[in-house]
Amino acid sequence: MKSTIRIAALLVATACLGYAQDVNPAQATSPEPGTVKSAQPDKPSETAKAATPAVQPNRAEAYYHFALAHSYEDQIAMTGRMEFVTKAIEEYKLAIENDPSSGFLNAQLAELYAKTGRIRDAVLEAEEIIQRDPQNLDARRLLGRIYLRSLGDMQQGVQSQEMLKKAIEQYEQIVRIDPTSVEDHLLLGRLYRISNDMEKAEKEFKTAVQLQPNSEEAVTYLAYLYNDEGDTTRALQVLESVPEGERSAKLHAALGYSYEQKKDYKKAIEAFRKAVDEDHENLDATRGLAQNLLNDNQLDAALEQYKVVAEADPQDAQTYMHLAEIYRRNGRYDQALEALKHAQTVISDSQEINYNIAVVYDAMGRFDEAAQLLQDMLQKTDKSNGMYTPPERNNRAIFIERLATIYKEQNKTKEAVETFRQMIPLGDENAARAYQEIIDTYRDAKQWPQATAVAEEAVKKLPNDRMLQLTLAGQQADSGHADEAIATVRGMLKNTQEDRETWIALAQMNSRLRRWKEAEDAIGKAIELSTKPEDKNYAMFVAGSIAERQKKFEQAEDYFRKVVQEDPRNATALNYLGYMMADRGLRLEEALQYIRRAVTLDPQNGAYLDSLGWAYYKMGKYELSEESLRKAVDRMSSDPTVHDHLGDLYQKTGRLKQAVMQWERSLEEWRRTVAAEVEPNDVAKVQKKLENARVKLAKQETEQH
C-alpha cells in the first residue's frame, strides 16, 4: 500500500513541480558526485551556491513529501480543518530536509504560512530564502503581497508608512529582476502614488504602457495619475490615444472621470453613458453618469440614474444623499427628508447626513429645528483644546457658517455675528470668510459703523488678504471717503490676472457713487480678465446691475440673459432678470417663471420672495402677492423696498392704515441707509404715497364725524 502511495505522490509532484520534469527519480536517489542538477531551471546565484550543504539532495524523497504537503493543502481548502495545516507544514519541512537548496520548496512553505495566518513565519521564511538567493521572485512576491495586505489592514501612521516602504523595496527588486512584468510595474506605480512620489509612479505606469500598449489598466492608471496632478489634458490624451472601437467600459468611465475633472460635464456624460451601455452592471459608471448629469443641472435625468443605483444597492447612503439634494433643489422637501432618513438607517449618527437634514429644515423654514440640529453637531465635535485636524476644521466651519446664516435669516443679528466669530480661530481661510460674513450681516442690518470696524479688524488680522482689503475700501467709500478709497484700490492694480477682482471692486464702488463711465470701464476690464466660466458670469452679472441702475434696461437684460444661458441655476441672475421685467410690467408670465426658479433654488431668500410677491401684485394676484411679501418682510425687515411693496398691496386691497404703516417703515429704513444705497426717486415716491394716504385717512375721519 505504501509503495502505491509513493508512486501516486511522485506523479502528483511531477505534474506540479516545474523543476522536476527533467529529473529521473532513480538517478536522483543515488547521484554521482558533481552531477546534481539545480532545483530551479535558472542558474543559481553565487550566494545560493555558497549556501548549498555538503549532503547531496534526495530529490525523489523531496518530491514525495511535497506531494503529500500539496494534498494536505487541498484538504485544508476543502474542509478548513487545522490539523491538515500542521501536517502540510511537516511535509514541507521534510521535503526541504531532502532538498535544502530548493528555493521553490521554501517559497511554498512560506506561502502556506501566509495563507494560514502565520505571517511572522511567512516573512521569516521568505527573508531566509532571499538571503540565500536574492533573485528569488517567488519569495519577493510573497513578501510584497504580505506587506501590501498589512498596509491595507493598518490605519495611517508610522507603522503604515513602514509597511509601504517595505512593499516598495520588494517591488523595486521584483521589476529589476523581471522588468517585463506589466502587473508588477503597475503595482509599484500604485505604491509610489500612495507615497506621493508622482514622478516615479508616472515612470512605472509609462513602462507598463510601453510593455503592453493595449493594457486598459496601464492606460487608466496613468490617466488617473495625471488627473491627481491636475493635468487633465494629458490624462485625456492618454485615454483618447486608444481607438474608439477598442475602448472598454472601464476606459469610457476613466474618460468620463477625466472630463469631469476638467468640468466638461457634457462630454463626461457622453463617456459615462457609453460605459453604462457597454456594462449595465457597472454601478460606478452609473454613479458617474448621475453625478455629471447633476453637475450639468439635468436634475430629472440625474434623479432617474440615482434611482437605478439605489434600487441596485439600497445600502449606498451616498446615493440617497444625492437623491435628497435633487429633491431639495426641486422644492420636494418631504421626499428629501425621506431619502435622508433612509441614509440614516445605513449610516447612523453621520455628520454629513445630519447636516443635510438641517439644510432641508432651513429650506422649509423650520429654523429652530435646523439650528438645534447644528448646535448638537457642534457640541459633539467640540474639542476643548481647539486642536482639530484639517477635515475636522473644515466640517466645523461649515456647521458654524450654516448656523450663523439661519440666525441671519431670522434677523437675529447679534446671534449671527457671535456665531460667525466662532469660525475665526479655525484658520486664515475660515477667518477671512467669517469676517466677510460678519460685515455683510452688519450691512444687512444697516449697522454701518460696525461693518466698517469689523473690516478694519479683519485687515489688521489678515493683512495679506486681498479681498478683505477691497471690502474695507468699499466700506470707506460708502462712509464718505470715496476718492481716498478708490485711490487705494487703484494702487492695488498689478497689471496681472489678479487685477480681475480689483476691477470688479472698482466697478461696484463707482456704480454706488453713480460714476457710470468709470464703473462701465472697470467692469469691461474685469470681463476681459475673466477666463473661467463662473468668473465671466459674475462679471457680466455686475455689468447688468450697473446697466440696470442707469435704466439701460435692454442692455441689462442682455447681460442677465447671457448669465442665465450659461448657468441656468444662477438664482441671483434669475431673480434680477425676473424682477426687472416685473417691475416695469413687461412679459409678466416670463418674469414670474424666472423668479419662481430663483425661489426654488433658495426658498428662504427674502429678496427672491419680495420679487415673487411683486410679480404677483403686478398680475393682480393679490392673495399670492401678500403671502410672499409678508414672508419677505419677515426675512428682510430692514429693507425699505419690501415695506414699500407691502404698503402698495395694502392700499390696493383697501387697507389704507396698514399701507401707511408700511410706507412709514419704508421711509424710516431709507433714513438708516447709507447715501450710496439710497435711490432718491424711490424715496420721493414713497413720501408722496404716504402724504396722499394721510390726506385720505384724515378726510375719512372727518366724514365719519
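Nothing in this text is a laboratory measurement; each read-out follows from the coordinates by a stated rule. All of these numbers come straight from a predicted model, not from anything done at the bench. Glycine also receives a Cβ, built like all others from the backbone with ideal geometry; neighbour counts cover every protein chain displayed.
Numbers for the structure displayed
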| read-out | value |
| --- | --- |
| Sorted peptide list for 484-493, 611-620, 675-684, criterion being average Cβ within 10 angstrom, highest first | 611-620, 484-493, 675-684 |
| The chain - mean residue ellipticity at 222 nm from DSSP helices (-39,500 (n - 2.57) per run, n ≥ 4, rounded to 500) | -24500 deg cm²/dmol |
| Inter-label distance, nm, simple model (7 Å from Cα along the C-beta direction), T531/E691 | 5.7 nm |
| Label-point separation, S241 to E484 (7 Å along Cα→Cβ), nm | 6.2 nm |
| Which listed pairs, of K657/K688; K621/K685; K383/K461, have C-alpha distances above 21 Å, in listed order | K621/K685; K383/K461 |
| Contour excess over end-to-end distance, with Cα ends at Q372 and D231 and 0.36 nm allotted per residue | 46.4 nm |
| Gyration tensor (alpha-carbon) shape descriptor, the stretch 575-636, a/c threshold 1.5 | oblate |
| Per-bin percent of Cα-Cα distances, the chain [10 Å] | 3, 10, 16, 19, 16, 11, 8, 7, 5, 4, 2, 1, 0, 0, 0 |
| Separation of the Q550 and R630 label points, Cα + 7 Å toward Cβ, nm | 4.2 nm |
| Net length gained if the chain between Q344 and N681 were fully extended (0.36 nm per residue, minus Cα distance) | 115.9 nm |
| Gain in span if fully extended, E703 to R176, counting 0.36 nm per residue against the direct Cα distance | 179.0 nm |
